[in-house]
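*Asks:* Dumping the structure here so I can ask a few things about it.
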Amino acid sequence: MGLLALVLLVEGLLAHLRVQREYHALTSDLAAGLGSFSIARWSLAFAVFSAVIAFRGIRNRFREISRERQITPVSSRFAILHFCALGMFLNAGLPPVSDWMRGAGWPMPLAVWLCSGASAIVFAGMALVPFRTWVTLLRGTGKLWLCGAALAGIVTELSQRIWTEWDQSRWNFATDATFWLVKQLLRPFLHNVTLNSEAHIIGSEVFQIRIAGVCSGWEGVGLAMVFSIVWLWLERRESRFPQALVLIPGAMISIFLLNAVRLAILIMIGDHGYPGVAMSGFHSQAGWIAFNGLVLGITLVAPRIAWIRVPEGTAPSTAGLAVRNDEGRNPAVAFLLPFAVILAAGTISRATTDGFEWLYPLRFAAAAAVLWLYRRDYPIQLEKPGWFAMAAGVVVFAMWIALDHGPSTDNGISSGLAALPAPARIGWIVFRVLAATTTVPLAEELAFRGFLARRIMSANFESIDLRRLSWLAVACSSLVFGLMHGDRWLAGAVAGVVYAAVIMRRGKILDSVVAHAVTNMLLAVWVLSGGRWYFW
């Protein structure tokens, strides 16, 4: 059931990105039409409440189903139907809804589009969970679903009233609190703080910002709440309750305070003569830096607080990312940390720029340091790679170019490089190519094929032979890999499948690293030879 939720979550995000990017206006019209009945909100609330109530009522049966599911193979027939329906849903696009919105009835393309999406969900459930299991669950819940429907109706009605009947001034307390905190943080550093309390404008004589409602930190508070809840669930067997619940409000308060710090630093950067950096790089990245710092703090500090942790050895955990080995270390760290530091270094480097990421070499240096530090933990034997890996890299490159539908928006690399002196320009390009052909392939293959694909199959992921990856593990890890590539998600997902096929041929992770490196090297040549910077 958890795997089904993961698959639907990833594919739902993928579908959301697809529809929102290409049909934003039509999606807004459709949402407005459905919003009057609150169908979307009610459906989500009903699913959540029904799942919670059902689990509490028949949790023992859930355990039996989980054991049965481990020996039941995935239904290939329904899996194929699922991917066919998903492909139809994604590639057909959202049909025109103007006629339906005017009350002229349901147009056939819209009905087909909605049916393909619903069918994809149903087929996924049938592929991962047998039909007889669904029947058992429905019989076991009895009339509990009526409670879920009633609770969903109450929540939907309350949320509708909050968002439509409450005026924006009811939420000004968050903006006022953020405004006050920023003012207190700035006073020791700026002699003349310019204030306009009515409009929530604050800054210095040369640089000012307006703290709107979206800047009050509620998005970060929501993310902090979700992460802390998920973390407590994963670490529930090693945590003391109810003491551990203090992490939830603690995380929410911390991210709210960090948002105020972010705004204060942004003002000081602009005041010191770098308004472009403040409003471009730092403004967009500092929030994620704060959130990632909070996540890292909870992950590293919380397990060391005796007040909220069960004494070691009294409650072994099986819910984390991976089981620990005989030496007491978590092997997942070595596989995930290189990719994590690349993301973190990228966030930091983009936060210090005004469009062009001149600190890109920081990504290479950070990943290289971590890879060297954990070099003894990787199952990589230096040997001559086979021709199959190199050929696969060439195939992925050709596919990547073929799936490109023209240049994207200017990413600032061309103008940024032109503004640099020749030595710095050459050095930036050298580090960019080095990262693309060494640290990036290593980090991404370790994270997605070495860890994620095997972790989907078993908590003890190191026990899974790379030649025995299941098609489901390959599909899920490739979808996530594709989503990491933004607009080129389809090319990224296909590339993930090819790299998985390479690694499964001989069971050697070095083969997929070589294939990945060949692809990136050819892309670098393609970029540099024709000035196609949009690929970078």
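The values are calculated or read from the model by the stated rules, or taken from the named source; none is laboratory data. On a predicted model such as this, the values are computed, not experimentally measured, just so you know. Using ideal geometry, Cβ is built from the backbone for each residue, glycine included, and neighbour counts are taken over all protein chains shown. Only protein heavy atoms, including side chains, enter the accessible area calculation; ligands, DNA and RNA are left aside. Shrake-Rupley method; radii C 1.70, N 1.55, O 1.52, S 1.80 Å.
*Asks:* Using 7 Å Cα-to-Cβ label points, what is the Leu300/Ile229 separation (nm, one decimal)?
*Replies:* Between Leu300 and Ile229, the label points sit 2.7 nm apart.
*Asks:* Here is a follow-up. Across segment 386-401, in residue order, what do the Karplus-derived ³J(HN,Hα) couplings come to in whole Hz, using 6.51 cos²θ - 1.76 cosθ + 1.60 with θ = phi - 60° and x for Gly and Pro?
*Replies:* x, 5, 4, 5, 5, 5, 5, x, 5, 4, 5, 4, 4, 5, 4, 5
*Asks:* Suppose accessible area is computed on protein heavy atoms with a 1.4 Å probe; arrange Thr437, Thr353 from highest to lowest. Before the final figure, lay out the partial values.
*Replies:* Numbers: Thr437 30, Thr353 5 Å².
So, going from the largest accessible area down, we get Thr437, Thr353.
*Asks:* Search the structure for amide H atoms under 5 Å from the amide H of Ser239, placed 1.01 Å from N in the peptide plane, and list their residues when 5 or more places away or on another chain.
*Replies:* Counting only residues 5 or more places away or on other chains, the set is Val310.
*Asks:* Provide the per-residue ³J(HN,Hα) series for segment 364-372, in order, calculated from phi with Karplus coefficients 6.51, -1.76, 1.60 and θ = phi - 60°, each as a whole number of Hz, with x at glycine and proline positions.
*Replies:* Going residue by residue, I get 5, 5, 5, 5, 4, 5, 5, 4, 5 Hz, with x marking Gly and Pro.
*Asks:* To continue, here is another question. In terms of the ratio Rg/(2.2 N^0.38 Å) built on C-alpha atoms, what value belongs to segment 465-509? Don't skip to the end; give the middle numbers.
*Replies:* Working: Rg = 10.5 Å, N = 45, 2.2 N^0.38 = 9.3 Å.
Cα-based Rg divided by the globular estimate yields 1.12.
*Asks:* Further, regarding this structure: Using the Cβ atoms and a cut-off under 12 Å, what net charge is assigned to the surroundings of Ser463, where Lys and Arg are +1 and Asp and Glu are -1? Write down the numbers at each step before the final one.
*Replies:* On the way: positive: Arg454, Arg455, Arg468; negative: Glu462, Asp465.
Value of the local net charge: +1.
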